[in-house]
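Contents: one structure, followed by commentary.
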Amino acid sequence: MNPDNKAILEKANAAITKGDNEGFLSFCTDDTEWTFVGDKTLRGKEAVRQYMATAYLEPPRFMVEALIAEGEFVTATGKISMKDENGTMVDYDYCDVWQFRDGKMAALKAFVIATGSR
């Protein structure tokens, strides 16, 4: 177990809130796989880069409520706000389960539920 996995995730999230997608991606493995439960799966850093380029036209706003680390996993729960394809800010509750490998984020299983728009 790497005791720094929580700190790595916090640094990665700080990059994303600044609009630094490449900084965020530097914390991911090349073969990272993101599964958005009930929606889609992204395979590889390039697929994640393309997703971020369209989904994060404006940096999302996070409020992490809890980070729980166990072994090579870090679970984050909280709230996120981001614009949809129409430019409307939408609020979500989320639970992200990150799997780390060699100090990098190798997999994400994300449960994201829209709670409303502003």
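Summary table
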{"read-out": "Unmet criterion (only one of (1) farther than 19 Å from Lys6 by Cα; (2) under 13 Å from the mean Cα position of the chain (by Cα)) for Ala47", "value": "(2)"}
{"read-out": "Among the candidates Ala15, Ala114, residue that is free of Cβ contacts under 8 Å to residues at least 60 places away in the same chain and exposed (fewer than 12 other Cβ atoms within 10 Å of the Cβ)", "value": "Ala114"}
{"read-out": "Failed item, numbered, when Tyr94 is tested on (1) within 19 Å of Glu10 (Cβ to Cβ); (2) modelled with pLDDT under 95", "value": "(2)"}
{"read-out": "Residue list for region 50-91, filter: among the β-branched types (Val, Ile, Thr) and either in contact with a helix residue (DSSP H, G or I) (Cβ under 8 Å, 6 or more places away or on another chain) or at pLDDT below 90 (or both)", "value": "Thr54, Val64, Val74, Thr88"}
{"read-out": "Region 1-41: number of residues that are within 12 Å of the chain's Cα centre (by Cα) and in a strand (DSSP E or B)", "value": "6"}
{"read-out": "Residue among Lys104, Lys83, Lys109 that alone is surrounded by 14 or more Cβ atoms within 10 Å (Cβ to Cβ), more than 21 Å from Glu10 (Cα to Cα) and touching a residue at least 24 places away in the same chain (Cβ under 8 Å)", "value": "Lys83"}
{"read-out": "Options Gly23, Gly19, Gly44: the member that is small (Gly, Ala, Ser) and at pLDDT below 95", "value": "Gly19"}
{"read-out": "Every residue from region 78-118 that is under 11 Å from the mean Cα position of the chain (by Cα) and under 18 Å from Asn5 (Cα atoms)", "value": "Cys95, Asp96, Val97, Trp98, Met105, Ala107, Leu108, Lys109, Ala110"}
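The values are calculated or read from the model by the stated rules, or taken from the named source; none is laboratory data. Just so you know, these numbers come straight off a predicted model, no measurement behind them. Positions of Cβ are generated from backbone atoms using ideal geometry, with glycine treated the same way; all protein chains shown enter the neighbour counts.
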